[in-house]
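All remarks here apply to the structure that follows.
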Amino acid sequence: MGVTKMSPAPAIAHWAGFPLVRVLVMGILNVTPDSFSDGGRRIGAAESVAAGLAMVADGADIVDVGGESTRPGSAAVSPLQEQDRVLPVIGALAAAGVCVSVDTRNASTMRLALAAGARIVNDVSALAHDPLSAGVVADSGCPVILMHMRGTPATMAAQAAYVDVVAEVKSELSARIDAAIRSGIGRDRIAIDPGIGFAKHAAQSLAVLRGLSGLTSLGFPVLAGLSRKSVIGALAGEPDPVRRLGGSLAAGLFAAAQGASILRVHDVRDTAQALRVWQALRD
């Protein structure tokens, strides 16, 4: 499979209002009963808003609010149920001045979340799940994160077959970038995510992480979502996702060294501290 041809372009220096002079921290705020690591911890809107504000106080640049679990094997929820979960949280956080991203693959949720104050769309399907989603993002002018995944969360494990996982992820993401640009989404609004753990077994996720610099060569900000994932557990010998902080920090700093611009994490305070020290030593 050949890599989609793209015109050479300089790396994006600013994204979503942030100058990319340091690694950004995106805090994970799942308003779900069944996410793989923190499902059920925050169901009520007031509790979720408090958790989002605490993430900002701990150093989060962005709070990523999601109302549908996309863990391997998870079933879809209706857009209406997703919206009931996330819209009150997004509205309250946005009113408090928080930079909110909405983690959704549904166009109607994107539209309502943006109207409620979300600034960024984070789509695990790279705008492929809902045929209306690219138009919503293009019309709004908002930044978007395009993640690599094959199939759906319910089916992706069966599609983790690659000859060269790094080259194929790069090619398939390039195709989604081209589709987004053709839909009218500005190049400077796009960030990409290799989808660690999505349609990838642990060894494949590790290969993608080691080859992350190949994705940064596309010229778009790269988000690395590694926090507490199964690849960390496999490397560390730790079956409990909540006990994977040390491994998550190590993998996040490795991703930063490979050129990642954003780390999407559960443990904001520890990640922000680790990045401050790493960046001070690097600089």
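Only one entry of Ala113, Ala134, Ala128 meets the criterion of being in a helix (DSSP H, G or I) and closer than 18 Å to Asp178 by Cα, and that entry is Ala134. Would you confirm whether any residue within segment 189-200 is assigned to a helix (DSSP H, G or I) and surrounded by 15 or more Cβ atoms within 10 Å (Cβ to Cβ)? Yes, segment 189-200 contains a residue that is assigned to a helix (DSSP H, G or I) and surrounded by 15 or more Cβ atoms within 10 Å (Cβ to Cβ). Pairs are defined by a Cβ separation below 7 Å, a sequence spacing of at least 6 or placement on different chains, a first member in segment 255-269 that is over 12 Å from Leu20 (Cβ atoms), and a second member that is among the basic types (Lys, Arg) and part of a loop (DSSP other than H, G, I, E, B); the pairs so defined are His266/Arg228. Only a single criterion out of (1) in contact (Cβ under 8 Å) with a residue 40 or more places away in the chain; (2) aromatic (Phe, Trp, Tyr); (3) assigned to a helix (DSSP H, G or I) is not satisfied by Trp278, namely (1).
Output the residue which, of all residues in segment 226-248 that are among the aliphatic types (A, V, I, L, M), over 23 Å from Pro143 (Cα atoms) and in contact with a Leu (Cβ under 9 Å, 6 or more places away or on another chain), is surrounded by the most Cβ atoms within 10 Å (Cβ to Cβ).
Restricting attention to segment 226-248, the residues satisfying the condition of being among the aliphatic types (A, V, I, L, M) are 226, 231-232, 234-236, 242, 245.
Filter again for over 23 Å from Pro143 (Cα atoms), leaving 231-232, 234-236, 242, 245.
Those still in the list that are in contact with a Leu (Cβ under 9 Å, 6 or more places away or on another chain) too: 231-232, 234-235.
Working: Val231: 22, Ile232: 26, Ala234: 16, Leu235: 14.
Going through the qualifying residues, I end up with Ile232.
Based on what the data block shows, is Gly225 within 28 Å of Val121 (Cβ to Cβ), at pLDDT 95 or above and in contact with a Lys or Arg (Cβ under 6 Å, 6 or more places away or on another chain)? Yes, satisfied.
Which members of segment 55-76 meet the condition of being touching a residue at least 12 places away in the same chain (Cβ under 8 Å) and out of contact with any helix residue (DSSP H, G or I) (no Cβ under 8 Å at 6 or more places or on another chain)? First the steps, then the outcome.
Pass one, segment 55-76, residues touching a residue at least 12 places away in the same chain (Cβ under 8 Å): 55-56, 58-76.
Within segment 55-76, Val56, Asp61, Ile62, Asp64, Ser69, Thr70, Arg71, Ser74, Ala75, Ala76 meet the criteria.
Selection of segment 125-160 for residues being surrounded by fewer than 18 Cβ atoms within 10 Å (Cβ to Cβ), more than 17 Å from the chain's Cα centre (by Cα) and at pLDDT 95 or above yields Pro131, Leu132, Gly135, Asp139, Gly141.
For segment 17-37, the criterion of being hydrophobic (A, V, I, L, M, F, W, C), modelled with pLDDT of 95 or more, outside any helix (DSSP H, G or I) and in contact with a Pro (Cβ under 7 Å, 6 or more places away or on another chain) is met by at least one residue. The set of residues in segment 93-110 that are free of Cβ contacts under 8 Å to residues at least 60 places away in the same chain, over 26 Å from Thr155 (Cα atoms) and in a loop (DSSP other than H, G, I, E, B) comprises Ala96, Gly97, Val98. Restricting attention to segment 252-283 and to residues that are under 22 Å from Val100 (Cα atoms) and of a type in the set (Asp, Glu), the residue that is surrounded by the fewest Cβ atoms within 10 Å (Cβ to Cβ) turns out to be Asp270. Annotation note: Cβ proximity below 8 Å between a residue of segment 201-217 that is under 18 Å from Arg150 (Cβ atoms) and a residue that is among the hydroxyl-bearing types (Ser, Thr, Tyr) and surrounded by 16 or more Cβ atoms within 10 Å (Cβ to Cβ) (sequence gap 6+ or interchain) occurs for Ala202/Ser230; Gln204/Tyr162; Ser205/Ser230.
Considering segment 64-93, and only residues there that are of a type in the set (A, V, I, L, M, F, W, C) and more than 15 Å from Leu114 (Cβ to Cβ), the residue that is surrounded by the most Cβ atoms within 10 Å (Cβ to Cβ) turns out to be Ala92.
The values are calculated or read from the model by the stated rules, or taken from the named source; none is laboratory data. Everything numeric in this text was worked out from a predicted model, so none of it was measured. All Cβ positions, even for glycine, are placed from backbone atoms using ideal geometry, and neighbour counts span all protein chains on display.
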